[in-house]
Amino acid sequence: MVKLTKKRSKKAGLPPGTLIHIGEKKTEKIRITITEYNEGCFYEREAKSIEECLPFKDKSRPMVAWINIDGIHQSEILGKLGEGFGLHPLIVEDIMNTDQRPKIEDFETYSYLVLKMVYFNGKDGEIVSEQVSLILGQNFVISFQESEIGIFQVIRDRIRTNKGRIRKLGANYLAYCLIDAIVDNYFIIMETMGEKIELLEDELVREPTPGILHTIYNLKRNMILLRRSVWPLREVIGGLERGESLLIQESTRIYLKDIYDHTIHIIDTLETFREMVAGMLDIYLSSINNRLNADIKVLTMIATIFMPLTFIAGIYGMNFKYMPELEWRWGYPLIMFIMSAVSIIMAFYFKKKKWGHTTYKPHAHYNKSATPQS
């Protein structure tokens, strides 16, 4: 099961700016990929050391540089990168802490963004969240990922094939493209969750089983993780759009507004799903309670029918010597006839009153067509 919080106890008592990785190490070796481009050409290579990245901080370079780092657990490498690009020690500390809340911090020469990238774990179908940190400079973007997921592969393909405007605009547009790729991935997650909820609705209407309860709780847990990632993301995008940072050009703010609208749409869909899952949980519990009540009602009817039979059998089981029916030849058949008649009369009475009939049906209370759609 994916943990919702990361342990911070190993940083207790240490001075601010101490570089300690908090989170799960998801790659053995850090991989550094450098992509440099302009409208006319581009270069792409894998760096062997952090020193190869340092020349790209020069503002006079005519090309945009994208430095992508997969793996954030080696403090010596990230510390050297931070010193080379003039990053504040607290920023490098936040990059290595994977339990950060999505946020944006503006400095004089660069901006620091924290985002959450989510995807489905192929093993158990749970949602996994990974932290993505972006450093936006005048003519460079540095992206930090916990592992090499491949969500930015579409951006690399656009740079290689020169599709769209990415090679015509600056580093701020590249940062927008990276953020857009993360937000678009949320739509894929929401579509998959919507399909799961629809299948769960059908199963809940047909036959609510204990396995459905486990599925509902998994969905609620995934939605909590999504909500923690998406709600702060709205603030980050809004801060970029409305901020006064000189690193964001006016032409890029229009695209950021589009991402902001997408984020609002994701939040609305997520809240709708949360209401639907909460309603499904109530219906499941009501169904189980009504089923239990129906079973108890049947057992109560059986006990009620056997009460007079037990009374009659108890009377003639007292073994008194002077009981006239004990010596009568037809006494036993008469008692059996009376007991059978009492049972039949009571059963007919219960059937006429419909005491043994349960009228509860899940679909009578839960109409799928009436649920709000995303």
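The values are calculated or read from the model by the stated rules, or taken from the named source; none is laboratory data. A quick note: this is a predicted structure, and the numbers were derived from the prediction, not measured. Here Cβ is always computed from backbone atoms with ideal geometry, including for glycine, and neighbour counts include all displayed protein chains. Only protein heavy atoms, including side chains, enter the accessible area calculation; ligands, DNA and RNA are left aside. Shrake-Rupley method; radii C 1.70, N 1.55, O 1.52, S 1.80 Å.
Brief remarks follow.
- Here Ile248, Ile216, Ile254 are screened, and the one residue that is out of contact with any Gly (no Cβ under 8 Å at 6 or more places or on another chain) and not in a helix (DSSP H, G or I) is Ile248.
- Index of the failed condition, Asn121 passing every other in (1) surrounded by fewer than 17 Cβ atoms within 10 Å (Cβ to Cβ); (2) in contact with a Phe, Trp or Tyr (Cβ under 9 Å, 6 or more places away or on another chain): (2)
- Any hit, segment 229-250, residues being among the aromatic types (Phe, Trp, Tyr) and surrounded by fewer than 17 Cβ atoms within 10 Å (Cβ to Cβ): yes
- Filtering segment 124-145 to residues that are of a type outside the set (S, T, N, Q), at pLDDT 85 or above and open to solvent by less than 10 Å² (accessible area, probe 1.4 Å) leaves Glu130, Val132, Leu134, Ile135, Leu136, Gly137, Val141, Ile142, Phe144.
- Restricting attention to segment 173-198, the residues that are more than 17 Å from the chain's Cα centre (by Cα) and either among the small types (Gly, Ala, Ser) or open to solvent by 10 Å² or more (accessible area, probe 1.4 Å) (or both) total 5.
- Those residues of segment 33-51 which are open to solvent by 90 Å² or more (accessible area, probe 1.4 Å) and closer than 16 Å to Leu174 by Cβ, in sequence order: Glu39, Tyr43
- Selection within segment 146-156 - under 25 Å from Gly79 (Cα atoms) and open to solvent by less than 20 Å² (accessible area, probe 1.4 Å): Glu146, Ser147, Phe152
- Taking the conditions (1) at pLDDT 75 or above; (2) open to solvent by 100 Å² or more (accessible area, probe 1.4 Å); (3) in a helix (DSSP H, G or I) in turn, Met318 satisfies each one other than (3).
- For segment 157-172, the criterion of being open to solvent by less than 10 Å² (accessible area, probe 1.4 Å), under 26 Å from Ile254 (Cβ atoms) and in contact with a Gly (Cβ under 7 Å, 6 or more places away or on another chain) is met by at least one residue.
- Yes/no for Glu195 being farther than 27 Å from Ile32 by Cβ, charged (D, E, K, R) and either free of Cβ contacts under 8 Å to residues at least 40 places away in the same chain or in a strand (DSSP E or B) (or both): yes
- Checking each residue in segment 57-83 for being in a helix (DSSP H, G or I) and open to solvent by 10 Å² or more (accessible area, probe 1.4 Å) picks out Lys57, Ser75, Glu76, Ile77, Gly79, Lys80, Glu83.
- Segment 259-302, subset acidic (Asp, Glu) and loosely packed, with under 13 Cβ neighbours inside 10 Å, residue nearest to Val236 (Cα to Cα): Asp261
- Scanning segment 84-118 for residues that are open to solvent by 50 Å² or more (accessible area, probe 1.4 Å) and in contact with a His (Cβ under 6 Å, 6 or more places away or on another chain) yields a total of 0.
Listed here are the residues, each with its yes/no results for (1) in contact (Cβ under 8 Å) with a residue 40 or more places away in the chain; (2) touching a strand residue (DSSP E or B) at 6+ places or on another chain (Cβ under 9 Å).
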| residue | (1), (2) |
| --- | --- |
| Glu24 | yes, no |
| Arg31 | yes, yes |
| Arg45 | no, yes |
| Ile67 | yes, yes |
| Asp70 | yes, yes |
| Gly79 | yes, no |
| Leu87 | yes, yes |
| Asp99 | yes, yes |
| Lys103 | yes, yes |
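- Residue within segment 236-244 that is more than 30 Å from Asp157 (Cα to Cα) and of a type in the set (Asp, Glu) present: yes
- Hits in segment 8-38 - residues which are acidic (Asp, Glu) and either in a helix (DSSP H, G or I) or at pLDDT below 85 (or both): Glu24, Glu28
- Residue within segment 148-168 that is outside any strand (DSSP E or B), closer than 30 Å to Met193 by Cβ, among the small types (Gly, Ala, Ser) and more than 24 Å from the chain's Cα centre (by Cα) present: yes
- For Thr359, the requirement of being at pLDDT 85 or above, out of contact with any strand residue (DSSP E or B) (no Cβ under 8 Å at 6 or more places or on another chain) and among the polar types (S, T, N, Q) is not met.
- Qualifying position, being assigned to a helix (DSSP H, G or I), free of Cβ contacts under 8 Å to residues at least 12 places away in the same chain and more than 54 Å from the chain's Cα centre (by Cα), among Leu292, Leu326: Leu326
- Members of segment 199-215 that are in contact with a Phe, Trp or Tyr (Cβ under 7 Å, 6 or more places away or on another chain) and open to solvent by less than 20 Å² (accessible area, probe 1.4 Å): Leu204, Pro208, Ile212
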